[in-house]
Each structure stands twice: as C-alpha cells, then as structure tokens.
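This report concerns only the one structure given below.
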Amino acid sequence: MYWLTVLLMGVTMNDPYVNDSYIYVLVALLPLISCMVMFQVNPYHALALRGLLGAVAAMIYAVLGAGDVALTEALMGTLLSITLYAVAARSSLVLNVGVLEEESIAKGGENSHFHQLIDDIRALAGKHQMRLEVMPYANQQALQQALIDKEIHATCERNSRQLLSIDLASEIPLYHTTTRVQRIYEIMENELAPSATTLTYISLPEIIVPKLEESPS
C-alpha cells in the first residue's frame, strides 16, 4: 500500500488533467472503511482495514496536491502505526493459564482429561483471537500467588478429593478453573462444556483480603 501511494502521488502531481470524479470516489471510501473498522470483531482484520484507510487518505492528499501530507500519512499514519498496532495486538491477546508442574508433565490415566481440557481452552482462545500460554508452577501456593500478582489470568488445577467425595453419584469434573478476569469467565461459562471443568470468578480484593487477615499484626 505504501508503494502504491507513492506511485499515485507521482502520477497525480505530474498530471494536471486528472479526472475529478476519482476524488469523490476516494472521499466516499473514507466513511465506508471507517464504519467497517468500527464493527470489525477480528483485530487483525481491523488492522488491515486501518491500513487501507490510511492509504486511501494518502491518495486523496496526493490527488489534491498535498504531496508532503500524503507522504507523512503513508509513512506515519499507515506504515508505522499499523506496525505498532500489530505488535501491541500480538503481545496483548494472550491468555495465560497457570497449572501445576506435575499435571503438565504427567501422561496418561486421569491426566488425559487435563490435556483435553487444555486443548478445549486453547481452541476457545483461538476462537476469540487469543493465544493460550500454559505456565507451570511447582506448587499450589506459587500458583495462587501468580494469580494474585497478575502473572496469569486463570488457574487450572485438580478438584480437591474432599469435593469429589461429597457426591460420588454426580459427575463432578476432575478439574477446577479459577479466573480473575470476568470476561474470560463469561466466555468459558458460555462456551466450555459443563463436564470439562468447574468455574470460579474471583476478583483480586477477594484473594488479597484473606491473605492480609492471616498476617500477624
């Protein structure tokens, strides 16, 4: 898009007989592409449309004879900004899930349920344009501390034996997922199978307050 804009700048600035109807077509594209950007769900599609919007704006500036403004828009408003937006989107659209190290290493048996659950969460994250990062921790205390410190967005661990022994007749999932992000909780609640995992949403004050109460005065 950048080289197309530069080429058009050279053609239009050197040709005084450019048909004015092209200007109206290009100007009409601006609000149309802007609306498409606003209603685009996929962030990467929105970035592509934003790049197209900047290219069209640069073309309009070039047609109207503002070559310096067109070049600035092509370089800063299109090339540089889209690159920075893409890097930001890539780094921020990550779902960090903490697990116990022994669960992530073990193979077979009941652990097959764990790997199936991780695969389900990964597919769910991909559906919402996110990448899943599984972060192992040595013990449950380190896992909970990571959630408090906001190193991870959710934890996935085995349900306690006490919980599983309450009612053996009912099919209680083997794993429990806790998240501090309400939106992630809503997505999992609506789109994950109830048999995959039990879910809990907890805000950070609810986690931190008991910790403070346990500390000696």
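The values are calculated or read from the model by the stated rules, or taken from the named source; none is laboratory data. On a predicted model such as this, the values are computed, not experimentally measured, just so you know. Methodologically, a virtual Cβ is constructed for each residue, glycine included, from the backbone with ideal geometry; neighbour enumeration extends over all protein chains shown. Calculation scope for accessible area: heavy atoms of the full protein, side chains included, ligands and nucleic acids excluded. Shrake-Rupley method; radii C 1.70, N 1.55, O 1.52, S 1.80 Å.
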Listed by first then second residue, the pairs whose first member lies in the range 188-199 and is more than 14 Å from Cys156 (Cα to Cα) and among the polar types (S, T, N, Q), whose partner is open to solvent by 50 Å² or more (accessible area, probe 1.4 Å) and at pLDDT below 90, with beta carbons under 8 Å and at least 6 positions apart or on separate chains, are Ser195/Glu171
Tell me, which helices (runs of 4 or more DSSP H) wholly within the range 65-158 include 2 or more residues that are closer than 21 Å to Leu199 by Cα? 101-105, 111-127, 140-148
Of the conditions (1) farther than 30 Å from Gln140 by Cα; (2) of a type in the set (S, T, N, Q); (3) open to solvent by less than 70 Å² (accessible area, probe 1.4 Å); (4) modelled with pLDDT of 85 or more, Thr83 clears all except one; give me its number. (3)
Assuming Val41 fulfils every condition listed in (1) under 30 Å from Leu199 (Cβ atoms); (2) open to solvent by 50 Å² or more (accessible area, probe 1.4 Å); (3) part of a helix (DSSP H, G or I) apart from one, which condition is it? (3)
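For the range 100-125, give me each residue that is modelled with pLDDT of 85 or more and in contact with an Asp or Glu (Cβ under 7 Å, 6 or more places away or on another chain).
Looking only at the range 100-125, we keep the residues that are modelled with pLDDT of 85 or more, and these are 100-101, 114-125.
Passing the criteria: Leu100, Phe114, Leu124.
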Do you know which residues across the range 44-60 are within 14 Å of Ala28 (Cα to Cα) and open to solvent by 50 Å² or more (accessible area, probe 1.4 Å)? Leu52
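Can you tell me which residue in the range 9-29 is modelled with the highest pLDDT, limited to those that are of a type outside the set (Val, Ile, Thr) and open to solvent by less than 50 Å² (accessible area, probe 1.4 Å)? Give the steps one after another, and end with the answer.
To start, the set of residues in the range 9-29 that are of a type outside the set (Val, Ile, Thr) comprises 9-10, 13-17, 19-22, 24, 26, 28-29.
Now narrow it down to the ones that are open to solvent by less than 50 Å² (accessible area, probe 1.4 Å): 9-10, 26.
Values: Met9: 50, Gly10: 51, Leu26: 81.
Taking the candidates together, the pick is Leu26.
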His128: surrounded by fewer than 16 Cβ atoms within 10 Å (Cβ to Cβ), touching a residue at least 24 places away in the same chain (Cβ under 8 Å) and not acidic (Asp, Glu), yes or no? yes
Failed item, numbered, when Gly65 is tested on (1) at positive phi; (2) modelled with pLDDT under 80: (2)
Would you confirm whether any residue within the range 64-77 is in contact (Cβ under 8 Å) with a residue 24 or more places away in the chain and β-branched (Val, Ile, Thr)? no
